[in-house]
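Have a look at the structure below before the remarks.
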Amino acid sequence: MTCDYLGICGGCIEYPLEDKIALVAKSLAFDPYEVFLSSESSFRARCELGIYHKDNGFFYTMRKGKQFVCIQNCPNLVLNIQQFLQVLHPILHQRDFREFINKLFALEILSTQQNELLITFIYHRRLEQSWLILATKLKKILEEKLLMKIALIGRSRGVKLVVDRDYVIEKLEVADKYYFYRYDEGSFTQPNPSINVKMIEWILSKAEKDSLDLLEMYCGCGNFTLPLSQKFRKILATEISKTSIQAAKFAASKNKISNIEFVRLSGEECIEALTFQRKFRRLDSINLQEYTFSTILIDPPRCGAGERVCRFLQQFNQIFYISCNPATLLKDLEILRQTHQITALAFFDQFPHTQHLESGVLLKSKNNS
C-alpha cells in the first residue's frame, strides 16, 4: 500500500499477516487452517476522523496517542468515502458554510456497497434548527457532485438532528444469495464488507443442515443470523443494543425470514433466561421450552466472552466462535477446550496493515465426536 502517512498517523503499521497468524496458530496447535485475504486498499467502509481548525479552515485528522495528525486522504477507505472527503473539504471552506464548521469536532462516515453514505457531524456547540437548513443545502450539493445518496446527521450534547434518515440499507451477496441489512448511525457494523461476506460464507460452509435450533449471542443487526436461517429449524438471537435488535427485526422482515426471534438480552441475561433463573417481560411472546438447541454462535466484543459465558457454552454440541481479539479468544478457548475440540479454524484479515486479526473457530463436543 502506498500512503503518505504510513506509520505516522497511528492507523497503520506494516505488520505481515503471516506474523499475526503464526502466534495464534501456534498457541492453538491446530492444522490445517484457512486464511482469507483482504484487498490491500479501499477496504474499510466506516471511519471516524477528527477535525483540526486553523486559520478559518480545517483539516481531517487521525489520532496517534494523545497527538492529532492532519491527513488529506486514507487509501484504506472505500473509494466513495475517499471521494466524499475530497469533495467535502473545499465546499465547507466556502463562506456560505462557515457557520456549519463552527466548532465541528469530528466526522463519522458509513458507506454501503450500493454507493450510499451516512455522515455524522459531531460538534462542541449546541446545534440549533438553523443547522438543518445548511445541512439540507450541503446534502443537495454533495449528491449532485458525487452522484450518490447521502444522509446527514448533526450531533451535539443532547441534540441529534437528521436530514433524510439516520440509517442506510446494505445489500450483501452471500453464497449466491442477496440479503438486505439495516445499518443505523452509531451502531456496530463490520468495517470490511468483503471480509464480512467471507466470514458469513465460512460459517455457512461449516454449518450442516440441522433439524434443531441455533442460539446466537451478540447478534448485532443480524449479520450472521439472516443467512444462517436456512440451516436451522429456528433461531433465537440475542443482543444488548436496542437499536441493533430493531435493525435486525427490520432486516428479517425485509428479507422475508420468519424463523428467527430477535430479543434484547445481554450475555448474562441470556444465560439467566435460558436456565430459567429469571423471567423477562421481553420474552413473554416466546416459549423458550419450544427450542432444542444443538448449536451456538457467538461474536463477542474485544473483551471476549468470559468465564461464565464459556461455561454456559459447554452444554452445546457445536460452538461457532468469531473473535476480533486473539488474546481473549485464547483465554476463552482454555475453558471451551476442556469439553470441546476444535474441528475448523480460519483467519480473516479484516484490518490489513495492523496487528488486529479476526478469527473463526468451530468446536464440537468431545462427547459426540
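The values are calculated or read from the model by the stated rules, or taken from the named source; none is laboratory data. As the structure is a computational prediction, the values presented were derived from the model and not from experiment. For neighbour counting, all protein chains shown are included, and Cβ atoms are generated from backbone atoms with ideal geometry for every residue, glycine included. Ligands, DNA and RNA are stripped out before the accessible areas are found, and what is left, the full protein with its side chains, is counted by its heavy atoms. Shrake-Rupley method; radii C 1.70, N 1.55, O 1.52, S 1.80 Å.
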Any hit, the range 311-321, residues being closer than 30 Å to residue 38 by Cβ, within 18 Å of the chain's Cα centre (by Cα) and at pLDDT below 95: no
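Sort out which residues of the range 315-340 are of a type in the set (S, T, N, Q) and surrounded by fewer than 16 Cβ atoms within 10 Å (Cβ to Cβ), and write them in order of number. If you could, list the steps in order and put the result at the bottom.
Taking the range 315-340 first, the residues of a type in the set (S, T, N, Q) are 315, 317-318, 323, 325, 328, 338-339.
Those that are of a type in the set (S, T, N, Q) and surrounded by fewer than 16 Cβ atoms within 10 Å (Cβ to Cβ): 315, 338.
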Residue in the range 282-299 that is within 24 Å of residue 169 (Cβ to Cβ) and either in a loop (DSSP other than H, G, I, E, B) or modelled with pLDDT under 95 (or both) present: yes
Test: residue in the range 40-52 that is in contact with a Lys or Arg (Cβ under 8 Å, 6 or more places away or on another chain), among the aliphatic types (A, V, I, L, M) and assigned by the TED database to the domain that holds residue 93: no
Every residue from the range 311-354 that is of a type outside the set (S, T, N, Q), under 22 Å from residue 231 (Cα atoms) and assigned to a loop (DSSP other than H, G, I, E, B): 316
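Return the total of residues in the range 69-97 being outside any helix (DSSP H, G or I) and in contact (Cβ under 8 Å) with a residue 12 or more places away in the chain. Quick ask: steps written out before the conclusion?
So in the range 69-97, the residues outside any helix (DSSP H, G or I) come out as 69-78, 93-94.
Still in the list and also in contact (Cβ under 8 Å) with a residue 12 or more places away in the chain: 69-78, 93.
Residues flagged as outside any helix (DSSP H, G or I) and in contact (Cβ under 8 Å) with a residue 12 or more places away in the chain within the range 69-97 amount to 11.
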Top-ranked residue of the range 138-155 - restricted to ones that are out of contact with any helix residue (DSSP H, G or I) (no Cβ under 9 Å at 6 or more places or on another chain) and open to solvent by less than 90 Å² (accessible area, probe 1.4 Å), ranked as nearest to residue 101 (Cα to Cα): 155
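Can you pull out every residue in the range 216-249 that is in a loop (DSSP other than H, G, I, E, B) and either outside the structural domain of residue 316 (by the TED database) or of a type in the set (Lys, Arg) (or both)? Even if it seems obvious, please write down each step before you answer.
We begin by selecting, within the range 216-249, every residue in a loop (DSSP other than H, G, I, E, B); these are 218-224, 229-234, 240-241.
Matches in the range 216-249: 231, 233, 234.
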When residues of the range 50-80 are limited to those that are open to solvent by less than 10 Å² (accessible area, probe 1.4 Å) and more than 19 Å from residue 353 (Cα to Cα), the one modelled with the lowest pLDDT: 57
